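A.B. asks: The structure's right below; bear with me while I get my questions together.
Derivation of every value follows stated rules applied to the coordinates shown; laboratory data play no part. As the structure is a prediction and not an experimental result, all values here were calculated from the model. Cβ: placed from backbone, ideal geometry, glycine included. Neighbour counts: every protein chain shown.
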Amino acid sequence: MNYLSTRGHPDRKRFCEILLEGLAPDGGLYLPEKYPQIDTATLAKWRDLPYAELAFEILSLYIDDIAPADLKAICARTYTAEVFGTDEIVPLRELEDGVYIEALSNGPTLAFKDMAMQLLGNLFEYELGRRGAELNILGATSGDTGSAAEYAMRGKKGVRVFMTSPDGRMSPFQQAQMFSLQDENIHNIAITGVFDDCQDIVKAVSNDLGFKRKYRIGTVNSINWARLLAQVVYYFAGYFQATASNDKPVSFTVPSGNFGNVCAGHVARMMGLPIQTLVVATNENDVLDEFFRTGIYRVRGAADTHETSSPSMDISKASNFERFVFDLVGRDAGKLRKLFVEDLGLEGRFDLSADPAFGQAAERFGFKSSRSTHADRLATIRDTEKRFATLVDPHTADGLKAAREFLVSGVPMVVLETALPIKFAATIVEALGHEPDRPAKFEGIEALPKRVVKLPADAEAVKAYIAQNCD
Ligand SMILES: *Cc1c(COP(=O)(O)O)cnc(C)c1O
C-alpha cells in the first residue's frame, strides 16, 4: 500500500515512512492511494473475531512494511481487557429502541483517543527500535490529547514526551491524570498562559528547523494517519455488534471536532462497510455543521471560537477535513489546492454550494450533521439519566441529541461515546446536582504526588528545558 498527499506531491510513501511524520512536504495530508475493498465473504470471516485480531486484519490491508507476525503481536499487546476494561474492548449497549452507545472510553484516560494512541505508542516503540532512533514528542493540550499521549508513551523505549498545558486551566481530574505520572520519559510543562500560548510555543519550536532536527522533535496530532487507521477498526466492531448479519445497514453519530473520528468512519464506509449515514455532531463551534448544511467552509478566528462545556470539540478549523474533501472532489489535487491553499489561505473560507460535488456529501458519502448548545447538553444528560439510568458525558450528549434527528426505522443508530462523565464533572454537577461515578482506579488521584515544571510562555525557555532533559 502506498500513500499520497492530498495536495498532489509526486512522491509515494509507505506506512512506516509516514508513521513518524506529520504533514506531507507540500502541506497536504496523507491518504492511501486507494481504499481496500471488503467483500461479503471477508465481512463474514471477520464478524466473530476478537477485537485485536480484527484490528490486525484491517491494519494489514494498509501496512505492508511491518512483518505480519510483528503487527499481530503489536495488536495483541495493545487491545487487551486489562487496558480497555472488557473483552469486547468497545462494548455496545442499547439505550432505547434503535439507539445504541458504543463505549470507546474505557481505556487508561477515559476518552476515545486512547483507542488510537495506545496503538501509536506500540508502533512508535517498534519502529524507533528498528531504526535505532529516538523521538521527542512535543505537544500542547487542554486535556484529552495530552493525557492520552502520555499514557500511550509512558515507559516506551526511544520516546520522550514534553507536554505543555495552560497552568491551572485544566480540570483538577485531568491535571491529576497527567501530573501524577512518575515515568522518567514523561515531562509535564505547565505554561503560565492560555492554551493558545502553548500552541504558539509548539509552533515556534517546530519552526526552528535546526533545533527540531538536533533534538528529533515530533508530534502526535490528530492528522497522523496511523491514528485515523486505528479508529477505523471500531466502526467494524460496532457494526458487528449492532447487526446479526452483514446485509443490514447501520448509521453512526460522531461527536466531532477535528474530524478525525468521523473521517475514520468515512474510510470504513469507503471500504464497503454497510454504513448508511454518518452524522457529524458539533457544539456551538459549528464549522462542520455549517459546511454540511450550506456547502460553505468558513474557519473561525480565535474571537469566534467559543469555550463550551464539550471542550474537546472546541475547534476553529477541522484539521482532518481536507482528507474528506479530497474524496469529495473526486481526488482532484488541483481542485483541492485551490480550495485549501488559495481560497482558505486568502479568504479564510471556501464555497462549494454551487458545485455538484457538494450534493455528493450527503448522497454519495452519507454525511448529515447537527449542532448542540450548552442547554441541549444539560437537557440530554438529565433526560438520559432519568429515562435510562445512564450517565453520558457532555460530548456524547451532543452526539445523542444529533442522532435522534436522523433515526430511520430498522437501521440501528450507533452513537460513539467519546469520554466518560467523570472527566467533565463540573457540567454533570450542573445538570444533575451530583458528582458522576469515579472508576475505582482513579479514586484519590488528586492527592498523588505531581511531576510538573512551571515555565513562562516563552519558546526559548521550553527549548532550554528540552535540551537539558535529552541526554
Ligand atoms: C477529541 C475528542 C472529540 C473530537 O474528536 P475529533 O476526532 O477531533 O473529531 C470529541 N470528544 C472527545 C471527548 C474528544 O476527546
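A.B. asks: To the nearest Å, what is the center-to-center distance of the stretch 280-326 and the stretch 84-159, using C-alpha atoms only?
C.D. replies: 24
A.B. asks: Which length gain, in nm to one decimal place, applies between T80 and K212 when the Cα-Cα distance is subtracted from 0.36 nm times their residue separation?
C.D. replies: Difference between extended and current length: 44.0 nm.
A.B. asks: To the nearest 0.05, how large is the calculated FRET efficiency for L49 and R131 if R₀ is 41 Å and r is the Cβ-Cβ distance?
C.D. replies: 0.85
A.B. asks: Continuing with the same structure: What distance in nm separates the simple spin-label points at S319 and V452, each placed 7 Å from Cα in the Cβ direction?
C.D. replies: If labels sit at S319 and V452, their model points lie 2.2 nm apart.
A.B. asks: While we're on this one: Between the stretch 407-432 and the stretch 1-67, how far is it from one alpha carbon centroid to the other, in angstrom?
C.D. replies: The two parts, judged by their Cα centres, are 30 Å apart.
A.B. asks: Let me ask something additional. Two-decimal Rg/Rh of the stretch 137-237 from alpha-carbon positions, Kirkwood Rh?
C.D. replies: Rounded to two decimals, Rg/Rh equals 0.98.
A.B. asks: While we're here: Can you work out the FRET efficiency for the pair D332 and S60, with r the C-beta to C-beta distance and R0 = 51 Å, to the nearest 0.05?
C.D. replies: After rounding, the FRET efficiency stands at 0.95.
A.B. asks: Quick one: which of K368/K401; K368/K423; K113/K454; K13/K317; K72/K441 span more than 22 angstrom between C-alpha atoms?
C.D. replies: Violating the 22 Å limit, Cα to Cα: K368/K423; K113/K454; K13/K317; K72/K441.
A.B. asks: Something else: Between A69 and R293, 0.36 nm times their residue separation minus their Cα-Cα distance comes to what?
C.D. replies: Full extension from A69 to R293 adds 76.1 nm.
A.B. asks: Then there is this: Not counting the cut sites, what is the longest span of the chain without GluC sites (Glu not before Pro) that DSSP labels loop and that have at most 11 other Cβ atoms within 10 Å?
C.D. replies: 34-183
A.B. asks: Q182 versus A244, label points 7 Å from Cα toward the beta carbon: distance in nm?
C.D. replies: 5.3
A.B. asks: Could I have the simple spin-label model distance between Q199 and E342, label points 7 Å from Cα toward Cβ, reported in nm to one decimal?
C.D. replies: Label-label distance for Q199 and E342, simple model: 2.7 nm.
A.B. asks: Taking the stretch 26-143, how much of its Cα-Cα pair set, in percent, is spaced more than 19 angstrom apart?
C.D. replies: 61
A.B. asks: Give, in nm to one decimal, the length gained when the segment between A379 and A461 is fully stretched (0.36 nm per residue of separation minus the Cα-Cα distance).
C.D. replies: Gain on extension, A379 to A461, equals 25.0 nm.
A.B. asks: Say R0 is 35 Å: what FRET efficiency, to the nearest 0.05, do D39 and V408 get from their beta-carbon distance?
C.D. replies: That pair, D39 with V408, gives E of 0.90.
A.B. asks: Counting pairwise Cα distances across the chain, what percent come out greater than 43 angstrom?
C.D. replies: 8
A.B. asks: Run the helix sum for the chain: -39,500 (n - 2.57) per DSSP H stretch of 4+ residues, divided by residue count, reported at 222 nm to the nearest 500 deg cm²/dmol.
C.D. replies: Roughly -12000 deg cm²/dmol at 222 nm, from the helical runs in the chain.
A.B. asks: For the stretch 148-249, run through the trypsin sites (Lys or Arg not before Pro) and keep only the ones in DSSP coil with at most 12 other Cβ atoms within 10 Å of their Cβ.
C.D. replies: Answer by residue number: K157.
A.B. asks: Restricting attention to the stretch 1-35, which trypsin sites (Lys or Arg not before Pro) occupy a DSSP loop and are surrounded by at most 16 other Cβ atoms within 10 Å?
C.D. replies: In loop regions of the stretch 1-35 (DSSP not H, G, I, E or B), the sparsely surrounded trypsin sites (Lys or Arg not before Pro) are R12, R14, K34.
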